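Written out below as structure tokens is the structure these notes cover.
Every number here is computed from the coordinates shown, using simple stated rules; none is lab data. What you are looking at is a predicted structure, and each value in this text was computed from that prediction instead of being measured. Ideal geometry is used to build each Cβ from the backbone, glycine not excepted, and the neighbour counts take in all protein chains shown.
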Amino acid sequence: MTDPKARPADPGAAIPAAATPTYPAEPANATYELTTHGLGPWQGELPTEEHYDPELLERGDTRNVIDRYRYWSMAAIVADLDEHRHPFSVAIENWQHDMNIGSIVRTANAFAADTVHIIGRRRWNKRGAMVTDRYQHVLHHDSVATFAEWAKGDGVPIIAIDNVPGSVIIETFNFPARCVLLFGQEGPGLSAEAIAAADAVVEISQFGSTRSMNASAAAAVAMHSWITQHVSFS
């Protein structure tokens, strides 16, 4: 059987029109939030509830959101998340524009963290966040000192995550229900000032040859540890 995609034997001959691939047009509302799980325009009678976004109903929803939030407006999603966010927050030192920050923000959204705190540079690499920062409360602190002042004033214990001398292994640590998990950067980890500001320092047990794991992976492990201690799955 002849392969319809095969080129003609003669290099100078034109490729038949039928062999030329065609691709669907990019949706009118295409963004860098496109996923393989998007839905097209709403089929049937349009819903009238306020949480729906008229433009998404008309053009389709390609955002990186769970099915429950399909066709919802961004404001409606944030408002709904605010009804069941967990009482832990996440803080990240940002002195070197670390690419892991976006991934940590995405994980914080997945675990419904209350707030994400960026310490240091105001601009941070959002590539790995996959637009999840739009649904998170994000606060900026110029320095560790201002962050620590906020935490003390709000009565929130700082739990630093790093494998440094004197740290407690995460498998035996009881996370406070309301706390902020503080993460450092890839390579240098947490600054000495951040370690000093922490109420506790926790490390993730490792059993291989590497000295440390990826910063975003460590953040995911720490957040999930909080979840397993404070969320009921019964």
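Please sort 182-189, 101-108 by packing, taking for each peptide the average over its residues of neighbouring beta carbons within 10 angstrom, highest first.
In decreasing order of mean packing, 182-189, 101-108 become 101-108, 182-189.
Net charge near Ile161, counting Lys/Arg +1 and Asp/Glu -1 over other residues with Cβ under 12 Å of its Cβ?
Counting the neighbours of Ile161, the net charge comes to -3.
If you wrap a convex hull around the Cα atoms of segment 45-91, how much volume per residue is inside, in Å³?
99 Å³
Assuming a ≥ b ≥ c are the square roots of the Cα gyration tensor eigenvalues, decide whether segment 171-231 counts as rounded (a/c under 1.5), prolate (otherwise, with a/b larger than b/c) or oblate.
It is oblate, given that a/c is not under 1.5 and a/b is not larger than b/c.
Shape verdict for segment 88-230, please, from the Cα gyration tensor: rounded (a/c under 1.5), prolate (a/b greater than b/c) or oblate.
rounded
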